[in-house]
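Here is the structure we will look at, set down as structure tokens.
Derivation of every value follows stated rules applied to the coordinates shown; laboratory data play no part. Quick caveat: nothing in here was measured; it's all calculated off a predicted structure. Reconstructed Cβ throughout: ideal geometry from the backbone, glycine too, with neighbour counts over all protein chains shown.
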Amino acid sequence: MSAQAARALMTIGDVLGLLRAEFPDITISKIRFLEAEGLVEPQRSPSGYRKFGDADVARLRFVLTAQRDHYLPLRVIRQHLQALDRGETPPPLGSRRPAAPEPRAGDPAGA
């Protein structure tokens, strides 16, 4: 990693400061939890400190927004992020699977 790239990375405290205005309830513990859940993977310094890039902050913002605005569980958010990581286009947040078709007259389920 170049010295310039290292300076562009942020500490967990820096990230907290960036996100706090939009997500007042965010804590360092929450960021660590989301990392433990595999939703964000910051780099580590040689001494083990987390170093977040702009992409990590954008990913955290996405996760926090999906939780707050769409009430999505982490499992669904993880699937969405994995699809993005694979280069796929996931369905829009909050979209639901199509409903099962209505039983037709004459079908055993419709009787």
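Brief remarks follow.
- For Lys51, the residues whose amide H sits under 5 Å from its own are Gln43, Arg44, Ser45, ignoring neighbours fewer than 5 places away on the same chain, with H placed 1.01 Å from N.
- At 0.692 mPa s and 37 °C, Stokes diffusion of the range 9-96 via Kirkwood alpha-carbon radius, µm² per second: 242 µm²/s
- Across the range 82-92, rounded Karplus estimates of 3J(HN,Hα) from the backbone phi angles (6.51 cos²θ - 1.76 cosθ + 1.60, θ = phi - 60°) give 5, 4, 4, 4, 7, x, 8, 9, x, x, x Hz, Gly and Pro being marked x.
- Here the dipole of the range 12-86 is about 160 debye; that uses its Cα centre as origin and unit charges on the Cβ of Lys and Arg (positive) and Asp and Glu (negative).
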